[in-house]
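Student: Sharing a structure with you now.
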Amino acid sequence: MTHRPFAAVSTLTLLLAGGTPASAQDQVLNLYSARHYSTDEALYSNFTKATGIRINRVDSDDAGILARLKAEGAASPADVILLVDAARLYKGEVDGLFKPIQSKLLADAIPTKYRARDTAEGTTWFGFSTRARVVVYDKLKVKREDVDTYEELADPKNKGRICIRSGSHPYNLSLFGAVTEHLGEPKAELWLKGVVANLARDPKGGDTDQIKAVGAGECQVAVSNTYYIARLMRSNDPNDRALMGKVGIVFPNQNSWGTHVNIAGGAVARHAKNPTAAVKFLEYLASPQAQDHFANGNNEWPTAKGVKVNNPALQAMSGGDFNSETIPLAAAGANTVKVQQMLDRVGFK
């Protein structure tokens with residue numbers, strides 16, 4: 001696999017525009033990826049071994065990839081897009097950046113709630129793994145029942161307790177979009193205002209920083225994606241293991257709408273030069289081998305039907321199972337603009 005930093009995309013575009021023999025181009029797949037996980041190297045190399053198709057990978061974040069696709073237009077060399085957020089997958093769909101495809105294998109493997117809306121033309125994106133957005137709390141200072149719903153993050157009983165990353169980060173935008181879908185916009189804005197009132201400090205850092213802040217006593221409650229938690233649980237560092245001994249984990253709203261999950265998914269680029277190989281790659285991501293990699297390589301829950309999870313950290317965290325929300329993931333993405341406006345109004349940084 002060839003790996004290029006994102007700045008190299010324009011050079012790659014010029015090379016392809018200059019003409020590549022079809023027989024050679026058929027053996028190369030140009031991948032724009034927002035997955036920055038070293039464990040995925042095996043995922044890509046296994047695809048090449050199985051198919052003979054070499055992968056040129058270009059890395060950026062979700063927003064950068066979508067912006068580059070718009071700028072490149074029909075000249076884009078991208079064949080496949082991998083993103084790690086439902087709101088950005090939704091935006092790529094509505095902006096017409098993805099090519100609708102028809103694949104019986106994908107339609108049979110990926111449940112409807114984990115993919116874009118099916119149309120006569122086909123389906124524009126498919127989710128291949130999920131991560132739950134859960135609550136982490138100080139077991140000595142916080143009662144579990146005080147943080148077992150998202151609504152309680154805004155309750156005055158948790159004033160001065162909460163650490164969280166930026167409200168505008170895609171992971172939080174998707175969570176807040178889901179809460180808006182469940183509560184309606186007026187109540188969701190009041191909820192966001194309450195969360196801001198309960199912050200122990202201004203939002204900063206990533207999810208791992210929030211967990212460590214709880215362990216250090218800087219706050220008592222944090223919000224995190226589960227794969228960050230699983231990494232710490234599986235770490236060989238004794239400090240990480242000691243940290244995880246101090247905190248509890250709650251999958252919120254188990255008795256109501258269920259815990260919010262976000263998704264990592266893929267799509268064929270609208271102007272893919274090698275769409276056949278692109279579809280083959282997406283179908284590979286739905287295979288038991290690749291799905292097992294998502295679970296054990298990067299601590300995510302696989303989406304394909306019938307795939308069992310053997311990751312001990314995920315099993316320990318969730319007790320083997322949990323109730324996830326049933327709203328379509330695209331619904332949370334559709335609320336992103338509303339959420340951003342509410343964040344501005346309530347002063348959520």
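The values are calculated or read from the model by the stated rules, or taken from the named source; none is laboratory data. Since this is a predicted model, take the numbers as computed values, not measurements. Glycine gets a Cβ as well: all are built from the backbone with ideal geometry, and neighbour counts include every protein chain shown.
Student: Which numbered condition trips up Pro77, out of (1) within 14 Å of Ala34 (Cβ to Cβ); (2) at pLDDT 95 or above; (3) touching a helix residue (DSSP H, G or I) at 6+ places or on another chain (Cβ under 6 Å)?
Tutor: (1)
Student: Further, regarding this structure: For the stretch 228-252, enumerate the residues that are of a type in the set (Gly, Ala, Ser) and within 11 Å of Ala313 (Cβ to Cβ).
Tutor: Filtering the stretch 228-252 for residues of a type in the set (Gly, Ala, Ser) gives 230, 235, 242, 245, 248.
Correct list: Ala230, Ser235.
Student: Hey, another quick one. Out of the stretch 89-138, which residues are surrounded by fewer than 16 Cβ atoms within 10 Å (Cβ to Cβ) and closer than 22 Å to Asp321 by Cβ?
Tutor: The answer is Pro111, Thr112.
Student: Quickly run through the stretch 318-348 and pick out the residues that are within 22 Å of Pro186 (Cβ to Cβ), surrounded by fewer than 18 Cβ atoms within 10 Å (Cβ to Cβ) and either of a type in the set (Asp, Glu) or over 21 Å from the mean Cα position of the chain (by Cα) (or both).
Tutor: Gln341, Asp344, Arg345, Val346, Gly347, listed by residue number.
Student: All but one of (1) under 22 Å from Val94 (Cβ atoms); (2) free of Cβ contacts under 8 Å to residues at least 60 places away in the same chain; (3) assigned by TED's automatic domain parsing to the domain that holds Phe251 hold for Leu183; state the number of the condition that does not hold.
Tutor: Condition not satisfied by Leu183: (1).
Student: Find all pairs meeting these conditions: Cβ atoms under 8 angstrom apart; at least six residues apart or on different chains; first residue within the stretch 327-349 and assigned to a helix (DSSP H, G or I); second residue surrounded by fewer than 18 Cβ atoms within 10 Å (Cβ to Cβ) and among the polar types (S, T, N, Q).
Tutor: Correct list of pairs: Gln340/Ser168; Leu343/Ser168.
Listed here are the residues, each with its yes/no results for (1) among the acidic types (Asp, Glu); (2) assigned to a helix (DSSP H, G or I); (3) at pLDDT below 95; (4) crowded, with 23+ Cβ neighbours inside 10 Å.
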{"site": "Trp257", "(1), (2), (3), (4)": "no, no, no, no"}
{"site": "Ala267", "(1), (2), (3), (4)": "no, no, no, yes"}
{"site": "Ala278", "(1), (2), (3), (4)": "no, yes, no, yes"}
{"site": "Gln289", "(1), (2), (3), (4)": "no, yes, yes, no"}
{"site": "Ala295", "(1), (2), (3), (4)": "no, yes, yes, no"}
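Student: Return only the number of the condition from (1) surrounded by 16 or more Cβ atoms within 10 Å (Cβ to Cβ); (2) farther than 23 Å from Arg35 by Cα that Ala230 does not satisfy.
Tutor: Answer for Ala230: the failing condition is (2).
Student: With (1) in contact with a Leu (Cβ under 6 Å, 6 or more places away or on another chain); (2) surrounded by 23 or more Cβ atoms within 10 Å (Cβ to Cβ) as the list, and Gln210 as the residue in question, which single condition is left unmet?
Tutor: All conditions are met except number (1).
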